[in-house]
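Asks: To start, I am sharing the structure in question, which I have written as structure tokens.
Please treat every number below as a calculation from the coordinates, not as lab data. Quick caveat, the model's predicted, so the values are computed rather than measured. Note: ideal-geometry Cβ built from the backbone for every residue, glycine included; neighbour counts use all protein chains shown.
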Amino acid sequence: MLKRLMFLLAGVLVVSACGAQDNKTAAAKTDWKEGQHYIVLTKPTPTAGKVEVTEVFSYACSHCAHFQPYADQLKSKLPAGVTFSYMPVVFNPSWEPLARAYYVAKSLGVLDKTHQALFDALHRDHKPLRSIEDLAGFYAGHGVDPKTFISTAQSFVVEGNLSQGRERAMAYQIESTPTLVINGKYRLDSASAGGQNQAVELALWLVNKELAAAKK
């Protein structure tokens with residue numbers, strides 16, 4: 001996987017390429033190794049009382065679009081009580097409107113019907129959705145009032161979401177997208193796991209590892 005890691009300056013993530021993801025299917029692994037297939041974060045931030053899987057992504061990232069069916073597969077296989085969430089990351093200024101759009105869609109309750117649709121609009125249909133105004137027009141097609149979209153995108157709540165996302169991205173040591181973070185403790189991607197199917201299997205293995213540890 002080709003990664004271009006730029007340093008975090010002034011609390012803002014700057015330019016980094018989407019991490020290239022291996023689409024090839026290989027045999028499921030049973031000998032996952034720390035440091036090879038996944039990373040243990042230096043400052044883990046698990047949420048007390050639950051296990052959570054987070055996909056760090058951007059709508060601008062074509063590899064995230066390709067990974068989305070596997071993210072859906074992972075969600076469908078998670079044990080009862082394990083939660084799945086998305087976290088948009090901002091690697092350069094052009095990604096920020098898309099991160100805002102994610103938080104607006106979540107706030108307005110339309111994320112489920114717009115998440116895949118926005119990936120499709122950008123990477124299948126190649127629509128030029130670059131500004132908040134462009135995105136307001138897109139979401140208008142899904143029942144969101146453009147004025148409400150824009151005002152929400154510029155709200156203190158969304159500003160807070162972006163700030164929190166920057167802090168979490170630093171804590172997770174995010175280098176590329178898409179990246180999976182398991183319980184604020186483990187980080188992996190398709191390249192480290194050996195493929196997209198393997199990323200799903202490794203994530204599930206780490207989830208079960210955390211669940212087992214919680215029972216002790």
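Asks: Taking just the C-alpha trace of the chain, give me its Rg and Dmax in Å.
Replies: Just the Cα atoms of the chain yield Rg and Dmax of 17.1, 52 Å.
Asks: Taking only DSSP H segments of four or more residues, each worth -39500 (n - 2.57), what value at 222 nm results for the chain once the sum is divided by all its residues, to the nearest 500 deg cm²/dmol?
Replies: Theoretical 222 nm ellipticity from helices: -13500 deg cm²/dmol.
Asks: Test of understanding: ordering 63, 142, 126, 37 by Cβ neighbours within 10 Å, fewest first, what list do you get? Please report the intermediate quantities before stating the final value.
Replies: Details: 63 23, 142 13, 126 8, 37 20.
So the residues, fewest neighbours to most, are 126, 142, 37, 63.
Asks: Can I ask one more? If you line up the long axis of helix 62-77 against the longest principal axis of the chain, both from Cα atoms, how many degrees apart are they, to the nearest 10?
Replies: That helix lies at roughly 60 degrees to the long axis.
Asks: Antiparallel DSSP bridges in the chain: what percent, to the nearest 5?
Replies: Values: 10 of 17 bridges.
Around 60 percent antiparallel, to the nearest 5.
Asks: What is the helix-to-structure angle for 156-171, meaning the angle in degrees between its Cα long axis and the longest Cα principal axis of the chain, kept from 0 to 90 and rounded to the nearest 10?
Replies: 30
Asks: On a full-extension model of 0.36 nm per residue, what is the gain between residue 145 and residue 164, subtracting their alpha-carbon distance, rounded to one decimal in nm? Please list the in-between numbers first.
Replies: Values: separation 19, 0.36 × 19 = 6.84 nm, distance 2.62 nm.
That pair, residue 145 and residue 164, stretches by 4.2 nm at full extension.
Asks: Please report the base-10 log of the normalised intensity I(q)/I(0) for the range 22-121, using a Debye sum with one equal scatterer per alpha carbon and no solvent, at each q in 0.11, 0.16 (1/Å).
Replies: Treating every Cα as an identical point scatterer, log10 I(q)/I(0) equals -0.43, -0.91.
Asks: Quote to one decimal, in nm, the extra length available between residue 48 and residue 112 on full extension: 0.36 nm per residue of separation minus the C-alpha distance between them.
Replies: Details: separation 64, 0.36 × 64 = 23.04 nm, distance 2.64 nm.
Contour length minus Cα-Cα distance gives 20.4 nm.
Asks: Can you put 187, 168, 130, 124 in order of Cβ neighbours within 10 angstrom, beginning with the fewest? Present the calculation step by step, with values, prior to reporting the outcome.
Replies: On the way: 187 21, 168 17, 130 13, 124 9.
Neighbour counts put them in this order, fewest first: 124, 130, 168, 187.
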